[in-house]
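J.: This is the structure, below, for whatever I ask next.
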Amino acid sequence: MAARTVDHDSRRKAILEATIDCYIKSGEPVASDDLARNFGLSSATVRNIFAELEESGYLTHPYTSGGRIPTSKGYRYYVDFLASQMEVLAEQKKQIVQEYQQKISRLEDVLEKTSEVIAAITHYAGIVSSIEWQDKVFYNGLSLVLEQPEFRDCDRIRLLIKMVEDKQRLIELINRDFSGSRKVTVFIGEELNCPEVEGCSLIVSSYSVNNRPSGRLAVLGPKRMEYNKTISALEYISEVLSETLNRV
């Protein structure tokens, strides 16, 4: 009896992971038929698991008879337990390193360049702050976020732009509670405690000079974010930035 419970739990986690993976790729609610063949299950069985996951708060459905989409709780479980760490592609590593090999003497220019690199590599908004400049923040790629289907609503676009252009609020957002024991911290939806960006996730890392924390790097994008790729890319960019600043 215990073995069946373990099997069912494993299958439920696998269905949740597959559902979130599908939704991240397509942006469309995931139907039971989309997963049934891959798992060798009937659509009815997958629908039952969907119902359990929805009852537990991990999935929801936007339409009465539509497929399922992840909730913030579902994304949190995915990030903490299901998503596998990915290596940054060699081509992307080369692109990142090349950006920092250009001669840049001013710290301000390096941080501006970093926000551009984050946006180019992740395809979301890149944000950079510095402890040295408490009132300054650099950001690029907001238009990439606004191109996502989640931001078709004009009110949502207006609120997001207003928040990002309020530099003090943006600095407060990326300088919020951050665990020093982890390279990267992920805030999902309501965890940001900022109504304007409740439909977003924020991934935050830090960079240092001479082993002393010097500022934050962040990626702002929709909750339907490619967490695996984005987390590993931000980690690598923070490492290269720290190495670059230590040489300046």
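J.: So if I check each of GLU112, GLU116, which one is surrounded by fewer than 20 Cβ atoms within 10 Å (Cβ to Cβ), in contact (Cβ under 8 Å) with a residue 24 or more places away in the chain, assigned to a helix (DSSP H, G or I) and out of contact with any helix residue (DSSP H, G or I) (no Cβ under 9 Å at 6 or more places or on another chain)? Full working, then the answer.
T.: Numbers: GLU116 fails: out of contact with any helix residue (DSSP H, G or I) (no Cβ under 9 Å at 6 or more places or on another chain).
The unique qualifying residue is GLU112.
J.: Which of the residues that make up region 61-72 are hydroxyl-bearing (Ser, Thr, Tyr) and either touching a Gly at 6+ places or on another chain (Cβ under 7 Å) or surrounded by 15 or more Cβ atoms within 10 Å (Cβ to Cβ) (or both)? Please lay out each step first, then the result.
T.: Here is the first cut: in region 61-72, the residues hydroxyl-bearing (Ser, Thr, Tyr) are 63-65, 71-72.
Correct list: THR71, SER72.
J.: Can you pull out every residue in region 46-105 that is farther than 18 Å from ILE15 by Cα, touching a residue at least 12 places away in the same chain (Cβ under 8 Å) and outside any loop (DSSP other than H, G, I, E, B)?
T.: Across region 46-105, the qualifying residues are GLN92, LYS93, GLN95, ILE96, VAL97, GLU99, TYR100.
J.: Please determine, by comparing only the residues of region 119-128 that are aliphatic (A, V, I, L, M) and in a strand (DSSP E or B), which one is farthest from the chain's Cα centre (by Cα). Before you say what the answer is, go through the steps one by one.
T.: Narrowing region 119-128 to residues aliphatic (A, V, I, L, M): 119-121, 125, 127-128.
Filter again for in a strand (DSSP E or B), leaving 125, 127-128.
Details: ALA125: 10, ILE127: 13, VAL128: 15 Å.
This residue is VAL128.
J.: Can you name the residue in region 218-246 that is more than 9 Å from the chain's Cα centre (by Cα) and among the polar types (S, T, N, Q) and is also farthest from TYR75 (Cα to Cα) among such residues?
T.: ASN246
J.: Please enumerate the residues belonging to region 73-93 that are hydroxyl-bearing (Ser, Thr, Tyr) and either assigned by TED's automatic domain parsing to the domain that holds TYR227 or surrounded by fewer than 18 Cβ atoms within 10 Å (Cβ to Cβ) (or both).
T.: As a first pass, look at region 73-93 and keep what is hydroxyl-bearing (Ser, Thr, Tyr): 75, 77-78, 84.
If the condition is that a residue be hydroxyl-bearing (Ser, Thr, Tyr) and either assigned by TED's automatic domain parsing to the domain that holds TYR227 or surrounded by fewer than 18 Cβ atoms within 10 Å (Cβ to Cβ) (or both), then SER84 is the only one that fits.
J.: Separate question: Just the residues that are under 16 Å from ILE127 (Cα atoms) and either without any contact (Cβ under 8 Å) to a residue 40 or more places away in the chain or among the acidic types (Asp, Glu) (or both), please, taken from region 209-238.
T.: GLU235 - this is the single residue of region 209-238 that is under 16 Å from ILE127 (Cα atoms) and either without any contact (Cβ under 8 Å) to a residue 40 or more places away in the chain or among the acidic types (Asp, Glu) (or both).
The values are calculated or read from the model by the stated rules, or taken from the named source; none is laboratory data. This one's a predicted model, so the numbers in the text were calculated from it and none came from an experiment. Backbone-built Cβ (ideal geometry, glycine too); neighbour counts: all protein chains shown.
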